[in-house]
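Okay, so here's the structure we're looking at.
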Amino acid sequence: FDDEAWVIRYFVVDCGETGKGRKVLISPISVGRPNWSEKILPVSLTCSQVASSPDIDTDKPVSSQQEMGYLGYYGYGNYWGGGGLWGAGLYPDVLQGGLSSTNPTALAQHRHDDPHLRSANAVMRYYVQASDGDIGHVEGFLVDEASWAIRYLIVNTSNWWVGHKVLVSPEWIQDVSWSGSYVTVSLDRQAIKNAPVYDEDAPFDRDDELELYSHYGRRAYWHNKREPALA
C-alpha cells in the first residue's frame, strides 16, 4: 500500500503450481468487482499476460523504475500526480486505457523517487500509541472496494481492554515509525476506550461510520473532494 495516500497499490499473488511458485504483483487497475461470498477477485488479465509479466522480488521494496516497467507492460497509466487517488481520478479503472497523469519530463523525474510502498502484512502487529500512552496493535484493515483506499486500521486493544477492537482512520495518524514498528494517533486513550466497538462479524455501514466520526468529532472522509463516497 501507499503510505502517503493510504491506498492499496498492488496485490501480491502466489501463482502456485501453475506459475511454478512464482509471486507476481497485480494492480487494482485490473481488478473488477470482488465476489466476497466466494472470495474471488476477478481481473481483466489472461494467464499468459501474468506469466510473462516483469519479474519483481515481492519480498523486497519495489522501485519507481520497476513500477514504470510494470505499468508499461500492461499498458496502464501511472497513478502518481494529478491530485486524485489514482492519477487525476478517484478509481483505479480510469487508468486501464493508459491515460497518464504526468508528462514525460515528470516521468523521468519520478524514476528515482521513493514510491512509498509498504507491505500490509508487515504492518500487522505494529503497536499503536495514543497521545497519552499505548493502546494496542494493528490487527487488520478495512478497505473501500471501489477505490481500494484503506479507510480504517483495525486496532486490537485486548492488552488494555479485554476483547475490545476499535477503528482508527489513517487521517488520524500523527506518525508512523517504520523502523520502530509503531503507529502514533492524535487521539487520547479515554476517547479510544469509549469509542464504538468494532465487530468483524457484523456489517459495517455508513451509519456505523457516522457514529465513529461523531464520537471523535472529526470530519468524515467523504466530505473531502478527493475521496469518493461509499454507496
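Cβ-Cβ contacts under 7 Å between residues 6 or more apart (or on different chains), taken from a first residue in the range 149-164 that is over 16 Å from ARG218 (Cβ atoms) to a second residue that is assigned to a loop (DSSP other than H, G, I, E, B) and open to solvent by less than 10 Å² (accessible area, probe 1.4 Å), are listed as ALA149/LEU85; HIS164/THR157.
Residue-level check: of (1) open to solvent by 20 Å² or more (accessible area, probe 1.4 Å); (2) in contact (Cβ under 8 Å) with a residue 12 or more places away in the chain; (3) farther than 24 Å from GLU145 by Cβ, GLY72 misses just (2).
Filtering the range 177-204 to residues that are open to solvent by less than 30 Å² (accessible area, probe 1.4 Å) and within 19 Å of ALA122 (Cβ to Cβ) leaves SER177, VAL183, THR184, VAL185. Pairing residues of the range 43-64 that are free of Cβ contacts under 8 Å to residues at least 24 places away in the same chain with residues that are open to solvent by less than 60 Å² (accessible area, probe 1.4 Å) and outside any helix (DSSP H, G or I), at Cβ distances under 8 Å and at least 6 apart in sequence or on separate chains, gives VAL43/ILE26; VAL43/VAL31; VAL43/GLY32. The selection criterion, being small (Gly, Ala, Ser) and at pLDDT 90 or above, does not hold for GLY83. Candidates TRP148, TRP160: the one that is more than 19 Å from SER119 (Cα to Cα), surrounded by 14 or more Cβ atoms within 10 Å (Cβ to Cβ) and touching a strand residue (DSSP E or B) at 6+ places or on another chain (Cβ under 9 Å) is TRP160.
Can ALA122 be described as within 15 Å of the chain's Cα centre (by Cα), part of a helix (DSSP H, G or I) and either under 27 Å from TRP86 (Cβ atoms) or not charged (D, E, K, R) (or both)? Yes; evaluated as a whole, the condition is true for this residue. Candidates are the residues of the range 165-176 that are under 14 Å from ILE135 (Cα atoms) and without any contact (Cβ under 8 Å) to a residue 40 or more places away in the chain; the one that is least open to solvent (accessible area, probe 1.4 Å) is VAL166.
When SER100 is tested against the conditions (1) at pLDDT below 90; (2) not in a loop (DSSP other than H, G, I, E, B), the lone failure is (2).
The set of residues from the range 130-145 being under 24 Å from GLY87 (Cα atoms) and either small (Gly, Ala, Ser) or surrounded by fewer than 18 Cβ atoms within 10 Å (Cβ to Cβ) (or both) comprises LEU142, GLU145.
Filtering the range 58-90 to residues that are touching a His at 6+ places or on another chain (Cβ under 9 Å), part of a loop (DSSP other than H, G, I, E, B) and closer than 14 Å to HIS116 by Cα leaves SER63, TRP80, GLY81.
The values are calculated or read from the model by the stated rules, or taken from the named source; none is laboratory data. Just so you know, these numbers come straight off a predicted model, no measurement behind them. Cβ atoms come from the backbone with ideal geometry, glycine included; neighbour counts cover every protein chain shown. These area figures cover heavy atoms from the full protein model, side chains too; ligands, DNA and RNA do not enter into them. Shrake-Rupley method; radii C 1.70, N 1.55, O 1.52, S 1.80 Å.
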